[in-house]
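Here the structure is laid out as structure tokens; the discussion comes afterwards.
Where a number appears in this text, it was derived from the coordinates with a stated rule and is not lab data. Owing to the predicted nature of the structure, the values given are computational and were not obtained by experimental measurement. All Cβ positions, glycine included, derive from the backbone under ideal geometry; neighbour counts span all protein chains shown.
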Amino acid sequence: MKLTLVQGDITQQRADAIVNAANSSLMGGGGVDGAIHRRGGPEILEECRKLRAGQYGKGLPTGRAVATTAGRLPARWVIHTVGPVHSRSEDRSALLASCYTESLRVADTLGAASVAFPAISTGIYGWPMDDAARIALEAVRQADTAVTEVRFVLFDAAAYATFEARL
Ligand code: AR6
């Protein structure tokens, strides 16, 4: 697997699938989630609504992943995953690792060869970037997947530098 880091906006990435740092409602939010729905258009939310009306009536559990269309985005699919909120009293790193492995598992079922990830949980959910980078890189490296390219799309220079140092 080819592992690459880029600094930029995930909504502009040309990859088979981009991953959304969603919340369990799948109804949108701020950060990456807001940007994906805003630029991808209403088709994404339409499919999310269907998922909530069917298989995920109670919402998408933390650490799980599900795919929808990418609407108007250059990617073909959006894989929505729900990162854990960072906690100082509880170790939730297995749930954060699961976001990456479950997203790659979903990518395999779609036949997606290239997948772009944001730094899940490092924004509104408060996970320290360095620890999140360690968990993300380890999870992707150890994943049993047919995906041939994983790209981490880091929003700012500091996040990029942190991932680069970990890599
Ligand atoms: N492209 C790439 N990375 C981005 C972009 C972008 N367009 N925008 C922000 N980031 P966050 P979370 C970075 O908050 O912490 C939403 O409301 C950002 O700098 O998007 O998992 C959801 O609905 C940070 O490093 O996701 C949930 O309620 C990283 O992406 C909640 O936020 C993740 O930040 C999820 O919080």
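With respect to being more than 12 Å from the ligand (Cβ to nearest atom) and not small (Gly, Ala, Ser), Thr69 fits the description.
Considering the range 74-167, the qualifying helices (runs of 4 or more DSSP H), each wholly inside and each with 2 or more residues that are touching a residue at least 24 places away in the same chain (Cβ under 8 Å), farther than 21 Å from Gln7 by Cβ and of a type in the set (Gly, Ala, Ser), run over 93-110. The numbered conditions (1) farther than 24 Å from Gln142 by Cβ; (2) more than 15 Å from the ligand (Cβ to nearest atom); (3) more than 15 Å from the chain's Cα centre (by Cα) are all true for Asp91 except (1). Output the residues belonging to the range 108-159 that are within 15 Å of Arg14 (Cα to Cα), within 15 Å of the ligand (Cβ to nearest atom) and surrounded by fewer than 23 Cβ atoms within 10 Å (Cβ to Cβ). Of everything in the range 108-159, just one residue is within 15 Å of Arg14 (Cα to Cα), within 15 Å of the ligand (Cβ to nearest atom) and surrounded by fewer than 23 Cβ atoms within 10 Å (Cβ to Cβ), namely Arg151. Residues of the range 39-64 being part of a helix (DSSP H, G or I) and out of contact with any Ser or Thr (no Cβ under 8 Å at 6 or more places or on another chain), which ones? Selection gives Pro42, Leu45, Glu46, Arg49, Lys50, Ala53.
Within the range 63-73, being under 13 Å from Asn20 (Cα atoms) and free of Cβ contacts under 8 Å to residues at least 60 places away in the same chain holds for Gly63, Arg64, Ala65, Val66, Ala67, Thr68, Thr69, Ala70. Filtering the range 23-38 to residues that are in a helix (DSSP H, G or I) and surrounded by fewer than 17 Cβ atoms within 10 Å (Cβ to Cβ) leaves Gly34, Arg38. Would you confirm whether any residue within the range 36-52 is of a type in the set (Gly, Ala, Ser), more than 13 Å from the chain's Cα centre (by Cα) and closer than 25 Å to Trp127 by Cα? Looking for residues that are of a type in the set (Gly, Ala, Ser), more than 13 Å from the chain's Cα centre (by Cα) and closer than 25 Å to Trp127 by Cα, one finds none in the range 36-52, hence no.
Within the range 1-43, the residues that satisfy the criterion of being polar (S, T, N, Q), closer than 26 Å to Leu167 by Cα and more than 7 Å from the ligand (Cβ to nearest atom) are Thr4, Gln7, Gln12, Gln13, Asn20. Against the test of being of a type in the set (A, V, I, L, M, F, W, C) and over 19 Å from Gly126 (Cα atoms), the options Val66, Val82, Val19 yield a single qualifying residue, Val66.
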